[in-house]
């Protein structure tokens, strides 16, 4: 049975979920908020809150190949909005991209003991020109209901097959066969993005051959 907690504000829904899992480690728990003060992205990135932003974290079983878990969650989010008639594209490894090519969301998967946690930030709309929103105009939103509906969809539409998941992710990918730059630590790899490897890694082809990038960030060239 899923336990859903919605608060007015918190530093981080990931931290609040982690606290809840120490009290009830076997429960399915989702934590959402109206305002997140210290949201985190990958690495040292910060996720900025706004009036149109959904911020929630949920306990989740890993995909059968655990390194595909964030890819699976992002694909399910794209499926959810596709059913609502919205175009959401995906950028490796965990970004959501709107129809104008701007980042409108991201997923951060972490572990808390034996459990996995998926932290999700999505701009339904965004008034800042620096970021994007899924919808072009602002509207009244019930953050609790949106978070509940989305977490429920993710829990009940998991992929049993990694092959099917990979195919679906690729269908949403915003940079298939595009020239990209992969940044991994102090190393940069340039080439054409051609797909995902068996562990969810980025596969890039250039003049020196095929390269597999397991961690890092991707930029379009």
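The values are calculated or read from the model by the stated rules, or taken from the named source; none is laboratory data. Just so it is clear, the model here is predicted, and its values are computed rather than measured. Glycine also receives a Cβ, built like all others from the backbone with ideal geometry; neighbour counts cover every protein chain displayed.
Things to note:
- Condition met for residue 131 (in contact (Cβ under 8 Å) with a residue 60 or more places away in the chain and either under 25 Å from residue 86 (Cα atoms) or touching a strand residue (DSSP E or B) at 6+ places or on another chain (Cβ under 6 Å) (or both)): yes
- Qualifying residue in the range 135-148 (condition: in contact with a helix residue (DSSP H, G or I) (Cβ under 7 Å, 6 or more places away or on another chain) and either over 21 Å from residue 165 (Cα atoms) or surrounded by 17 or more Cβ atoms within 10 Å (Cβ to Cβ) (or both)): no
- Residue under evaluation residue 108, criteria (1) within 23 Å of residue 35 (Cβ to Cβ); (2) surrounded by fewer than 18 Cβ atoms within 10 Å (Cβ to Cβ); (3) touching a residue at least 24 places away in the same chain (Cβ under 8 Å), criterion not met: (2)
- Residue check for residue 120: in contact (Cβ under 8 Å) with a residue 60 or more places away in the chain, under 12 Å from the mean Cα position of the chain (by Cα) and more than 27 Å from residue 177 (Cβ to Cβ): yes
- The range 183-200: number of residues that are touching a helix residue (DSSP H, G or I) at 6+ places or on another chain (Cβ under 9 Å) and either exposed (fewer than 14 other Cβ atoms within 10 Å of the Cβ) or in the same structural domain as residue 69 (by TED's automatic domain parsing) (or both): 2
- Hits in the range 83-96 (condition: surrounded by 22 or more Cβ atoms within 10 Å (Cβ to Cβ) and more than 17 Å from residue 214 (Cβ to Cβ)): 88, 90, 96
- Some residue of the range 160-177 being at pLDDT 95 or above and more than 20 Å from the chain's Cα centre (by Cα): yes
- Of 140, 179, 184, all but one fail to be within 18 Å of residue 92 (Cα to Cα) and free of Cβ contacts under 8 Å to residues at least 40 places away in the same chain; the exception is 184.
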